[in-house]
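Here the structure is laid out as structure tokens; the discussion comes afterwards.
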Amino acid sequence: MAGRAADPEAGREARGTMTTPRRMGAPDSKTRAALLDVTATIMIEEGYAAATSRRVAAKAGVKPALVHYYFRTMDDLFLALFRKGAEGNLKRYEQALAAENPLRALWELASEPEGNVLLSEFQALANHRKAIRTEIADYAERFRALQVKAITDRLAETGADPVAVPPAVLTLVMTGIARLLISEDVLGIATGHEETLALIEHYLSAFDAPAKPDQQDRS
């Protein structure tokens with residue numbers, strides 16, 4: 001005798017075993033914030049590979065299960081940490097644009113050792129995590145757009161030729177030099193650093209100087 005087709009969903013409901021979304025920790029929790037801070041410290045001091053759920057939990061003084069209470073996976077934790085830092089940096093970049101000397105402010109931001117070390121770890125991690133690679137690329141484009149705008153505006157104020165000094169190129173040069181100096185400094189390499197910093201200072205002073213009257217007339 002043919003039996004009635006089974007309805008697996010109805011069966012689960014009857015048994016009271018319907019799946020429900022797993023409860024997650026509150027996004028504004030102090031514990032969650034502490035886990036993010038601990039992860040950043042581990043990545044800076046020991047490298048991203050050392051930032052496992054057990055290592056993060058141990059350093060935060062909690063049980064490993066609590067890490068996954070706030071972040072389903074370590075990728076979720078890494079993404080949350082990156083977004084937190086990136087959003088904070090976007091605000092700082094916006095403040096730099098409003099500074100009296102925006103190019104110098106942008107250079108100082110690009111030259112912060114701790115931020116660059118953490119970014120390097122995220123870039124290394126991105127080689128193995130597509131989601132993180134996509135996130136980094138998205139924020140990098142937003143950062144670069146802010147930098148290009150600041151440099152474009154400043155070149156216009158100083159009367160510099162944007163064709164001879166393309167803002168996008170100058171942005172890459174400033175960022176690249178800042179990161180190279182930091183990475184070499186970590187390795188103990190100093191040859192050429194003093195001269196490079198002096199040249200950067202020369203150009204920053206020139207670009208951040210007030211426009212001359214004849215330059216203002218041409219603008």
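The values are calculated or read from the model by the stated rules, or taken from the named source; none is laboratory data. All of these numbers come straight from a predicted model, not from anything done at the bench. In this analysis, Cβ positions are derived from the backbone assuming ideal geometry, glycine residues included, and neighbour counts consider all displayed protein chains. For the accessible areas, the whole protein counts, side chains as well, though only heavy atoms, and no ligand, DNA or RNA atoms are used. Shrake-Rupley method; radii C 1.70, N 1.55, O 1.52, S 1.80 Å.
Check whether at least one residue in the range 28-43 is assigned to a loop (DSSP other than H, G, I, E, B), more than 19 Å from the chain's Cα centre (by Cα), surrounded by fewer than 18 Cβ atoms within 10 Å (Cβ to Cβ) and modelled with pLDDT under 85, and report yes or no.
Among the residues of the range 28-43, at least one is assigned to a loop (DSSP other than H, G, I, E, B), more than 19 Å from the chain's Cα centre (by Cα), surrounded by fewer than 18 Cβ atoms within 10 Å (Cβ to Cβ) and modelled with pLDDT under 85, which makes the answer yes.
What number of residues within the range 192-201 are touching a helix residue (DSSP H, G or I) at 6+ places or on another chain (Cβ under 8 Å) and either exposed (fewer than 12 other Cβ atoms within 10 Å of the Cβ) or in contact (Cβ under 8 Å) with a residue 40 or more places away in the chain (or both)?
1
Considering Lys91, Lys84, Lys149, which residue is of a type in the set (D, E, K, R) and closer than 20 Å to Thr41 by Cβ?
Lys84
Here are some residues: Gly115, Gly159. Which one is at positive phi and in contact with a helix residue (DSSP H, G or I) (Cβ under 8 Å, 6 or more places away or on another chain)?
Gly159
If you take the residues of the range 136-191 that are under 20 Å from Arg92 (Cβ atoms), open to solvent by 70 Å² or more (accessible area, probe 1.4 Å) and of a type in the set (D, E, K, R), which of them is modelled with the lowest pLDDT?
Out of the qualifying residues, it is Lys149.
Scan the range 113-135 for residues that are without any contact (Cβ under 8 Å) to a residue 60 or more places away in the chain and loosely packed, with under 15 Cβ neighbours inside 10 Å and jot them down.
Gln123, Asn127, His128, Lys130, Ala131, Thr134
Exactly one condition in (1) at pLDDT below 90; (2) more than 11 Å from the chain's Cα centre (by Cα); (3) not in a loop (DSSP other than H, G, I, E, B) is not met by Ala65; state its number.
Failing condition for Ala65: (1).
Which count do you get for residues in the range 156-189 that are under 26 Å from the mean Cα position of the chain (by Cα) and either in contact (Cβ under 8 Å) with a residue 40 or more places away in the chain or not in a helix (DSSP H, G or I) (or both)?
Residues flagged as under 26 Å from the mean Cα position of the chain (by Cα) and either in contact (Cβ under 8 Å) with a residue 40 or more places away in the chain or not in a helix (DSSP H, G or I) (or both) within the range 156-189 amount to 12.
Conditions (1) open to solvent by 60 Å² or more (accessible area, probe 1.4 Å); (2) of a type in the set (Val, Ile, Thr); (3) more than 18 Å from the chain's Cα centre (by Cα), marked per residue:
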position: Glu45; (1), (2), (3): yes, no, no
position: Ala58; (1), (2), (3): yes, no, yes
position: Phe82; (1), (2), (3): no, no, no
position: Glu87; (1), (2), (3): yes, no, no
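Quick check on my filter: what residues within the range 89-104 are open to solvent by 20 Å² or more (accessible area, probe 1.4 Å), part of a helix (DSSP H, G or I) and not aromatic (Phe, Trp, Tyr)?
Matches in the range 89-104: Asn89, Lys91, Arg92, Glu94, Gln95, Leu97, Arg104.
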